[in-house]
1. Let's see if you can work this out: charge +1 on each Lys and Arg Cβ, -1 on each Asp and Glu Cβ, no other charges. What is the dipole magnitude of chain B about its Cα centre, in debye to the nearest 20?
2. Per residue, how big is the convex hull of the stretch B:16-88 when only Cα atoms are used? Give it in Å³.
3. Hey, what D do you get for chain A in µm²/s if you plug the Kirkwood alpha-carbon radius into Stokes-Einstein at 25 °C and 0.890 mPa s?
4. Quick one: putting +1 on the C-beta of Lys and Arg, -1 on the C-beta of Asp and Glu, what dipole do you get for the protein assembly as shown around its Cα centre, in Debye to the nearest 20?
5. Positive end of the charge dipole of chain A (Lys, Arg +1 and Asp, Glu -1 on Cβ, about the Cα centre): tell me which of A:Gln29, A:Gln91, A:Ser13 has its Cα farthest that way.
6. Using the alpha carbons of the stretch B:92-131, what is the convex hull volume per residue in cubic angstrom, as a whole number?
7. Given springs between every Cα pair under 10 Å in a Gaussian network model of chain A, which of A:Lys17, A:Lys56, A:Lys88 has the largest fluctuation?
8. Which residue, A:Val62, A:Val48, A:Val126, tops the fluctuation ranking in a GNM of chain A built on C-alpha contacts under 10 Å?
There are 2 protein chains.
Amino acid sequence: MAPVIERRSIQFSLDPKSGVPYYKQIILQVEFAIADGRFATGDQLPTVRSLAVELKINPNTVARAYNELEIRGIVTTQQGTGTFISEKQLQLTEVEREGALDGLIRPLITKAASYGFTMNEVLTAVREGFEGMEHREDSES
Amino acid sequence: MAPVIERRSIQFSLDPKSGVPYYKQIILQVEFAIADGRFATGDQLPTVRSLAVELKINPNTVARAYNELEIRGIVTTQQGTGTFISEKQLQLTEVEREGALDGLIRPLITKAASYGFTMNEVLTAVREGFEGMEHREDSES
DNA sequence: CCTATTGTATTAAAGAACTAGTACACTACA
DNA sequence: TGTAGTGTACTAGTTCTTTAATACAATAGG
C-alpha cells in the first residue's frame, strides 16, 4: 500500500437544529481541535471554499468564522494563500495573556459563586476538565 | 436619628450603549450581587414594576430577567407576592450540582487551552478571582 | 368582598444577527 | 503573463432577539 500522507485535518460538521449559528459552530470546532491537539501551530485549515462545499453552506459563512478566529489571534490568514493556525499565542506579552485569561474567567467566577459553588469545587472541576482532555501529543513528523 | 432599617437592596443601572440587552444586564447584576453577598437567600428583589420605573423600561423586560433567573433556580417568584432569592442551591443533588458546574466550565477549558493557557495558569487565575471577591459576610440580623 | 399590589400572557414593532448571492482582489506557480 | 486557487467586499433577504403596549390573573389585607 502507498504510505498515507499524514495531513492534519478534522471532520467538521454542523447541526442546524442546535440554534447555534454555523459560523460559531465552526469556531468552536477549530478551538476544540486546537485544545485537543488535532490542530497545531502552522497547520492549514480547509479553504473557505472547500469547507463551504463540505458543509453545504456559503463561503462567506466560513470566511466569517475564520475572520473571528483571526481577530482572536488564533489563526492567521493570507489572501491568496490560505488560513493557518497562528503562532501568536507565544508572542503575547505577559500582560496581554493575563488580560485575556481574566476576561475568560471573570464571568465564570460570578456565575459559579451565584450558584453557590465554592472556590475549591471550581478549582477541582477545572483540574478535572483539563485532565480529561488527554492532549494528543502525536509525534511531530 | 431614627434607626435606618437595614433593607438589602442594590442599586441597579443600565448601560444602553453597551450592546448588552437590558434583561441580561439585570440578570448579571443580580448574580453579581449574590456572589458578592449583597443579596442573600430569602431576600426580596424589587418588584417588576418598581424596578421598571427606576430603570425607565418596560415591566416585561424586568419580568423576563426574573424569569430567566427563576429558570436557572436563582430566584423564586410567586404571583401576587414577589420575587425572592431562592434557597434551591442547597436542595440540588450532588449530581445536579456537578452537571451545572461542568456546563459552566467546559467552554472555559476549551477556550483557555486554544489560547495556549496551561492548567496551572487557569487554576491560579480562578483562585485569584475568588479571592478578589471579598465576600461580604454581613451579620444576619 | 374589594382593592391594591404582585407577576403573567399576548401581540406587535424595531432592530440586530445570520446566511447567501455575486463580484472583486491577492498570491503562487507553470 | 496568465490561470487556478485563495481570501474579501458589498448587498440583500430572512430569521431571531429584544423591547414595549396592553390586558389578564393571582395574592394579601382591610
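The values are calculated or read from the model by the stated rules, or taken from the named source; none is laboratory data. None of these values were measured; they are calculated from a predicted model. All Cβ positions, glycine included, derive from the backbone under ideal geometry; neighbour counts span all protein chains shown. Calculation scope for accessible area: heavy atoms of the full protein, side chains included, ligands and nucleic acids excluded. Shrake-Rupley method; radii C 1.70, N 1.55, O 1.52, S 1.80 Å.
1. That gives chain B a dipole magnitude of about 660 debye.
2. Working: hull volume 6.5 nm³, N = 73.
Cα convex hull per residue, to the nearest whole number: 89 Å³.
3. Numbers: Rh = 17.4 Å.
For these conditions, the coefficient is 141 µm²/s.
4. 1300
5. Towards the positive end, the residue furthest out is A:Ser13.
6. Working: hull volume 3.0 nm³, N = 40.
Once divided by residue count, the hull of the stretch B:92-131 is 74 Å³.
7. Sorting by GNM fluctuation, first place goes to A:Lys17.
8. Per the Cα network of chain A with a 10 Å cutoff, A:Val126 tops the list.
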